[in-house]
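The values are calculated or read from the model by the stated rules, or taken from the named source; none is laboratory data. What you see is a predicted model; the values in this text were computed from it and never measured. Note that each Cβ is placed from the backbone with ideal geometry, even for glycine, and that neighbours are counted across all protein chains shown. For accessibility, only protein heavy atoms count, side chains too; no ligands or nucleic acids. Shrake-Rupley method; radii C 1.70, N 1.55, O 1.52, S 1.80 Å.
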Amino acid sequence: MMRAVCVDVPGGPENLVLRSIPRPTPKNGEVLIKVHAAALNRADLLQRRGLYPSPAGESDIIGLEVAGTVDGLGQGLKGNWKPDNRVMALLAGGGYAEYVSVPEELLMPVPDNLTFCQAAAIPEAWLTAFQLLVFIAQVKQGEVVLVHAGASGVGTAAVQLARLFGAVPVVTAGSREKLQLAEKLGAAAGYNYKEESFAQGVHDFTGGKGADVILDCIGGSNWEKNVSSLAVDGRWVLYGTMGGRAVEGDLLGKMLSKRGRLLCSLLRSRSLHYKADLVRAFADRALPCFSEQPATLRPVIDSTYKLEDIAEAHRHMEANRNMGKIIVTVTPQSEETP
């Protein structure tokens, strides 16, 4: 048996229930991970409310990224995984638990200099940012990339990755502290969307050209400002709708006049083959940068909560107070040193 967070009835954070359930058994091609730490994502809040169910055949337990140690090996493995290997993994579900079984293609080794809490902050957020920049937007050196929610988990990853690829990140956020964090990570400029027009800021920063790429998790409420911020032939990459899904007005006409491309992407619903290609590309191009001295890339941790306090972790994210990733420790921290 194992402890896991369950949701019997969709609703608020108070509906998250910690109970004992059967431990998963690794299937063919899977590795069983003893989870030391997991991380929160906005998708977790939607799933808790019944708005973003897990894909067919995947665990109903919330949680899209973990770090821990190899505890069991299924049949037919191709990699040289061994018990107690330190690993982190991208999940379609199952992260809020003491054990999770994962296809080996979605495993990555934890860099020696990172703790499990730091490693848990990488798979979903950083693979999402990498996917958006490389697979979807195909960002090029010198391009200006506008990153909304620049102090979020994906935002802090996107700023650093954009710099790694030679692009110029600029961000939006809702407080001075969040903008300062993004700028420390490499953002060339930042705009407080509560106090100023980010469209005007991007216009001024680029000399009227606009952003070549926009990474947008907001959606409906920002559409006019996004189109105004977009360069001719620019790519607007939509990966969330925190600001609503409805759009009223001349979206198509304005996008047509910019010859803009609206590219929409989700990661959780992608095929195992696609995710495996993404993990390999990230492991080749970005993962070594976490181990450099000094490190070129670093996960940003906002706060940590015990598994017993998962409801408080959800409330913290729903209040939009976090800067970087919210981590849930599943194994006592005394066991989580590198």
### Query
Of the listed peptides 315-327, 191-203, 213-225, 151-163, what is their order by residue-averaged count of other C-beta atoms within 10 Å, with the highest listed first?
151-163, 213-225, 315-327, 191-203
### Summary
Net charge (Lys, Arg +1; Asp, Glu -1) of residues whose beta-carbon lies under 10 Å from that of E98, E98 excluded, is +2
### Query
For the range 137-264, what relative contact order do you get, as a whole percent, if you take Cα pairs closer than 8 Å and at least 6 residues apart?
21
### Task
Percent of Cα-Cα pairs per 20 Å bin, from 0 to the last occupied bin, for the chain, please list those.
32, 57, 11, 0
### Summary
Sorted list, accessible surface of protein heavy atoms, 1.4 Å probe, largest first, for F205, F282 is F205, F282
### Query
For the range 1-136, what relative contact order do you get, as a whole percent, if you take Cα pairs closer than 8 Å and at least 6 residues apart?
28
### Query
Averaged per residue, what accessible area in Å² does the chain show with a 1.4 Å probe, protein chains only?
43
### Query
Using unit Cβ charges (K, R positive; D, E negative) and no other charged atoms, how large, in debye to the nearest 20, is the dipole of the range 137-264 about its Cα centre?
240
### Rg and Dmax [Cα atoms of the range 137-264; Å; Rg one decimal, Dmax integer]
13.2, 38
### Message
Normalised radius of gyration for the range 88-146, please: alpha carbon Rg relative to 2.2 N^0.38 Å, two decimal places.
### Response
1.36
### Summary
Cα-based Rg and Dmax for the range 1-136, in Å, come out at 14.6, 42
### Query
When only C-alpha pairs under 8 Å and at least 6 residues apart count, what is the relative contact order of the chain, in percent?
18
## Note on the structure
Per the 1/(1 + (r/R0)^6) rule, R0 = 25 Å and r from the Cβ atoms of V232 and E196, FRET efficiency to 0.05 is 0.55
### Summary
Rounded to the angstrom and largest first, Cα extents along the principal axes for the range 29-75 equal 34, 23, 10
### Query
How do the peptides 37-48, 255-266, 115-126 rank, highest first, by the average count of neighbouring beta carbon atoms within 10 Å per residue?
115-126, 37-48, 255-266
### Query
How many percent of the accessible area of the range 1-120 is carbon or sulfur, using a 1.4 Å probe?
52
